[in-house]
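Enquirer: Structure in structure tokens, see below.
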Amino acid sequence: MSNNAKLTGNIAAVSALADETRRSLYLYVCAQPHPVSRDQAAAAAQVAVHTAKFHLDKLEAAGLLVTSYARTSGKSGPGAGRSAKLYERSAVERDVSLPARDYVLAGELMAQAIARASRDGDEIAQALRDVAREKGVSLAASLEKTGTDAATAFELAVTTLRGLGYEPRVEGDHVVMANCPFHRLAGAHTELVCGMNHDMLSAFTESVAPGVLRADLDPAPGRCCVTLSAVE
């Protein structure tokens, strides 16, 4: 893609999300584990279906959503009804961080690790583990309360991790994160970056809900390498 085309795409993405309703619909679609219909998006955003259709199609035109068609009734054959237009997040990554990326956070942790290793003579890998865990503890300390049960712990974790761009969603007794804020770095340095991420989120869960919530290294395509689970 040329620089001009890329810039045009970034501008279109920013413009598309300037509207509050459109942004709300986009975030709802991104948070779902499957493509969603106009009716579902409209209900979630509490707007009329024709309003949802207008904004969803604008997001599609901006390259932020992609569409497919499928019957949502669960029926097939004659009488099953027309296929519905379904929306899901595009795989295209914009420089305006859609989906959200936080390479600054990763860079800060790595820089702190290098500085500590140089100062104390530690191995950089161990220093990175230490600073990542310290960051996780700091995230938990910034909360006004801690989780005494799984439901409260999940709520606190989802709120915090959503603010960091992880796009968390509760699926049964797990919290799955649809987005990796360190996507490009993780692709190039998987063991290092995923280890750092796991250390940070492990320390966060241990601090915000000790004995209640845990972070597991559970990589899978198209999402963060860590999932959160209730401790049995």
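The values are calculated or read from the model by the stated rules, or taken from the named source; none is laboratory data. All of these numbers come straight from a predicted model, not from anything done at the bench. So basically every Cβ, Gly included, is an ideal-geometry build from the backbone, and we count neighbours across all protein chains shown. When the accessible area is computed, the model is the full protein with side chains, heavy atoms only, and any ligands, DNA or RNA have been set aside. Shrake-Rupley method; radii C 1.70, N 1.55, O 1.52, S 1.80 Å.
Enquirer: Residues in region 200-214: is at least one touching a strand residue (DSSP E or B) at 6+ places or on another chain (Cβ under 8 Å), open to solvent by 40 Å² or more (accessible area, probe 1.4 Å), at negative phi and not in a helix (DSSP H, G or I)?
Expert: yes
Enquirer: For region 171-188, check the following and say yes or no: at least one residue is touching a residue at least 24 places away in the same chain (Cβ under 8 Å), assigned to a loop (DSSP other than H, G, I, E, B) and surrounded by fewer than 17 Cβ atoms within 10 Å (Cβ to Cβ).
Expert: Within region 171-188 (the criterion being touching a residue at least 24 places away in the same chain (Cβ under 8 Å), assigned to a loop (DSSP other than H, G, I, E, B) and surrounded by fewer than 17 Cβ atoms within 10 Å (Cβ to Cβ)), the answer is yes, since at least one residue qualifies.
Enquirer: Here's a follow-up. Output the residue which, of all residues in region 35-50 that are polar (S, T, N, Q) and buried (at least 17 other Cβ atoms within 10 Å of the Cβ), is farthest from Ala84 (Cα to Cα).
Expert: Here the answer is Gln40.
For (1) surrounded by fewer than 16 Cβ atoms within 10 Å (Cβ to Cβ); (2) modelled with pLDDT of 90 or more; (3) outside any helix (DSSP H, G or I), each residue gets a yes or a no:
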{"site": "Leu109", "(1), (2), (3)": "no, yes, no"}
{"site": "Asp122", "(1), (2), (3)": "yes, no, yes"}
{"site": "Gln126", "(1), (2), (3)": "yes, yes, no"}
{"site": "Arg129", "(1), (2), (3)": "no, yes, no"}
{"site": "Ala140", "(1), (2), (3)": "no, yes, no"}
{"site": "Leu143", "(1), (2), (3)": "yes, no, yes"}
{"site": "Ala151", "(1), (2), (3)": "yes, no, no"}
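Enquirer: Consider region 218-232. How many of its residues are charged (D, E, K, R) and in contact (Cβ under 8 Å) with a residue 24 or more places away in the chain?
Expert: Going through region 218-232 one residue at a time, the tally reaches 1.
Enquirer: As an exercise: evaluate Cys194 against (1) touching a Cys at 6+ places or on another chain (Cβ under 6 Å); (2) surrounded by fewer than 21 Cβ atoms within 10 Å (Cβ to Cβ); (3) closer than 20 Å to Pro33 by Cβ and give the number of the one condition it does not meet.
Expert: Unmet condition: (3).
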